[in-house]
């Protein structure tokens, strides 16, 4: 049954002059798609300026919520490092420019593409989740090893099969403010059992962070000996956006020699989270992926009330999910 909201979303996306059938097919079969037209030109310039300001704030030690070199996954307060590879919580009311970042998170066609790829009618079926900024470190070459965001490398083949059969009910995206070729993926691995080469890559510990002195980055950038044969480097131009599944096997390089400012966010689908009976494993995994990043501040009424109207139903859905899942009971999705 086609609803009025379905028609509205389709109308918005058709203005991008893309083949919607191919877009959905590519996302479902490959695990990622690349799109133009997510940013308006004036928004891109404003976000570049805003990103520069919050990066400077973070590097000066005046914004504590950051992704720290030497730690791939949360919690990020377990290592001592003054070097960062990400700025956390772009919608936090205490962060300068949070209004501009929040406006982008709520914008069309970004949110409409997410609805379309997830197969939901509108944003009222989504929940507010994470929004961060991925940046280049200042002083170290750093890398994230091969991983899936919600499936550990050491699961048995039978457990992997079970986990992949359960829906993710979420989507994430990298919206690039500048050219970005830091992401590597193995297309199609979001829905199938890993082969031997992929298992080996998934289990491999990435190179330790290395102080950068202007020398070659080859140990962190480009091809790794352990890379699976079908590895693809995702090359994005400024203004392009990659939508991808959290279950696709992927890694990333973070190099001081290569400027990076990429908006990294996700939305969740509420159907899985509001029931204790249906997809309980998916519900807890999705909750863990979000709550492990420390989002207590998002529960404050003051935060919810200042959101754009479009995000308020999504915020309420986040509160429902949070009430059903205590972070201390969930732990963390990955180690490293």
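Observations on the structure shown:
- Any hit, segment 125-144, residues being at pLDDT below 95, closer than 15 Å to residue 32 by Cβ and under 20 Å from the mean Cα position of the chain (by Cα): no
- Across segment 289-309, the qualifying residues are those that are surrounded by 16 or more Cβ atoms within 10 Å (Cβ to Cβ) and in a helix (DSSP H, G or I), and the one among them that is modelled with the lowest pLDDT is 289.
- Within segment 77-108, being more than 19 Å from residue 302 (Cα to Cα) and part of a helix (DSSP H, G or I) holds for one residue alone: 104.
- Qualifying residue in segment 39-48 (condition: touching a helix residue (DSSP H, G or I) at 6+ places or on another chain (Cβ under 9 Å), in a loop (DSSP other than H, G, I, E, B), surrounded by 15 or more Cβ atoms within 10 Å (Cβ to Cβ) and in contact (Cβ under 8 Å) with a residue 40 or more places away in the chain): yes
- Output for segment 252-273, where each listed residue is assigned to a helix (DSSP H, G or I) and either at pLDDT 90 or above or in contact with a strand residue (DSSP E or B) (Cβ under 9 Å, 6 or more places away or on another chain) (or both): 270, 272
- Residue in segment 209-221 that is touching a strand residue (DSSP E or B) at 6+ places or on another chain (Cβ under 8 Å), under 26 Å from residue 58 (Cβ atoms) and at pLDDT 95 or above present: no
- Residue list for segment 59-75, restricted to those being touching a strand residue (DSSP E or B) at 6+ places or on another chain (Cβ under 6 Å) and in contact (Cβ under 8 Å) with a residue 40 or more places away in the chain: 67, 69, 72
- In this structure, residue 74 qualifies as surrounded by fewer than 22 Cβ atoms within 10 Å (Cβ to Cβ) and either modelled with pLDDT of 95 or more or not in a strand (DSSP E or B) (or both).
- Boolean, residue 64 is modelled with pLDDT under 95, under 16 Å from the mean Cα position of the chain (by Cα) and either surrounded by 13 or more Cβ atoms within 10 Å (Cβ to Cβ) or over 20 Å from residue 176 (Cβ atoms) (or both): no
- Residue within segment 274-288 that is surrounded by 22 or more Cβ atoms within 10 Å (Cβ to Cβ), within 20 Å of residue 126 (Cα to Cα) and either touching a strand residue (DSSP E or B) at 6+ places or on another chain (Cβ under 7 Å) or at pLDDT 75 or above (or both) present: yes
The values are calculated or read from the model by the stated rules, or taken from the named source; none is laboratory data. Note that this is a predicted model, so its numbers are computed, not measured. Using ideal geometry, Cβ is built from the backbone for each residue, glycine included, and neighbour counts are taken over all protein chains shown.
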